[in-house]
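> One structure coming up, written as C-alpha cells, with questions to follow.
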Amino acid sequence: MTDHELHAFRDKFQLDALTVMATEHWVLSVRPQQLTLGSMILSTRTNVLDFASLNETQARNMAVLLGEAEQRVKARWGAVRINALCLMMKDPLLHFHIFPRYENAVIFQGEEWIDADWPNPPQIRPATERADINQSLRAALQQPICR
C-alpha cells in the first residue's frame, strides 16, 4: 500500500475529524455511515495489510482498542455486544468495521435507533452520512467511562 492509498483511506473514513482515540499503531474512529448506533472503524496507522504482518505490540494495541470500543458502547447506550468485521475488500489496509448490537431501540440526539438485524449478523448496507450525528457520537465516545 502506498502513502497515497493510506491517505485516501484516512480521507474516506474521515479519520482526522472522527477519531475517538488512538495508540501508536491503531486509530479508533466513528464510522461515517452509522449502520447501528456507535458504529466505528478500527484501523492501523501504518501500511499493514494482513494479520501476519502485525508484531506483538501492534496485536496487543488492537485488542486494547477493540475492548475500549466494546466498553464504551455498552456503557453509553447499553449495547449487548459488538460485531467486528475485517472485510478489506475495497480498502486493503488492515481495519475492522465495528457494529454495536442492540436488542432494544436506543434514543440518541432525540432520534430512535433500531438494530434492524438483531439478533442475526449485521447486513452491510449504505446509510446516510450525518456530520452532526457523527460529531455528537465522537464527543460521547471520547468521554471517559467509569470502570
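The values are calculated or read from the model by the stated rules, or taken from the named source; none is laboratory data. As the structure is a computational prediction, the values presented were derived from the model and not from experiment. Because the Cβ atoms are built from the backbone with ideal geometry, glycine has one as well, and the counts that use them run over all protein chains shown. The accessibility values were calculated without ligands, DNA or RNA, using every heavy atom of the protein model including side chains. Shrake-Rupley method; radii C 1.70, N 1.55, O 1.52, S 1.80 Å.
> Suppose the filter is open to solvent by less than 60 Å² (accessible area, probe 1.4 Å) and at positive phi; does MET21 pass it?
no
> Tell me, please, whether a residue that is closer than 24 Å to ILE124 by Cβ, at pLDDT 95 or above, surrounded by 14 or more Cβ atoms within 10 Å (Cβ to Cβ) and not polar (S, T, N, Q) can be found in the range 4-14.
yes
> Shifting gears a bit: Since CYS146 meets every condition but one in (1) assigned to a strand (DSSP E or B); (2) open to solvent by 50 Å² or more (accessible area, probe 1.4 Å); (3) touching a helix residue (DSSP H, G or I) at 6+ places or on another chain (Cβ under 8 Å), which condition does it not meet?
(1)
> From the list ILE133, ILE82, exactly one residue is in a strand (DSSP E or B), of a type outside the set (Gly, Ala, Ser) and open to solvent by less than 50 Å² (accessible area, probe 1.4 Å). Which is it?
It is ILE82.
> With respect to ILE107, determine if the residue is open to solvent by 90 Å² or more (accessible area, probe 1.4 Å) and outside any loop (DSSP other than H, G, I, E, B).
yes
> Given the criteria more than 13 Å from the chain's Cα centre (by Cα), under 30 Å from ASP3 (Cβ atoms) and modelled with pLDDT of 95 or more, does VAL80 qualify?
no
> Still on this structure: Take the range 118-130 and flag every residue that is open to solvent by less than 80 Å² (accessible area, probe 1.4 Å) and free of Cβ contacts under 8 Å to residues at least 60 places away in the same chain.
The answer is TRP118, and nothing else.
> Something else: Could you run through the range 35-71 and say how many residues are in contact (Cβ under 8 Å) with a residue 60 or more places away in the chain, open to solvent by 20 Å² or more (accessible area, probe 1.4 Å) and in contact with a strand residue (DSSP E or B) (Cβ under 8 Å, 6 or more places away or on another chain)?
1
> Of all residues in the range 85-116, which are farther than 19 Å from ALA8 by Cβ, among the acidic types (Asp, Glu) and touching a residue at least 40 places away in the same chain (Cβ under 8 Å)?
Correct list: ASP115 only.
> Any idea which of (1) surrounded by fewer than 16 Cβ atoms within 10 Å (Cβ to Cβ); (2) touching a residue at least 60 places away in the same chain (Cβ under 8 Å) is the one PRO32 doesn't satisfy?
Status for PRO32: all satisfied but (1).
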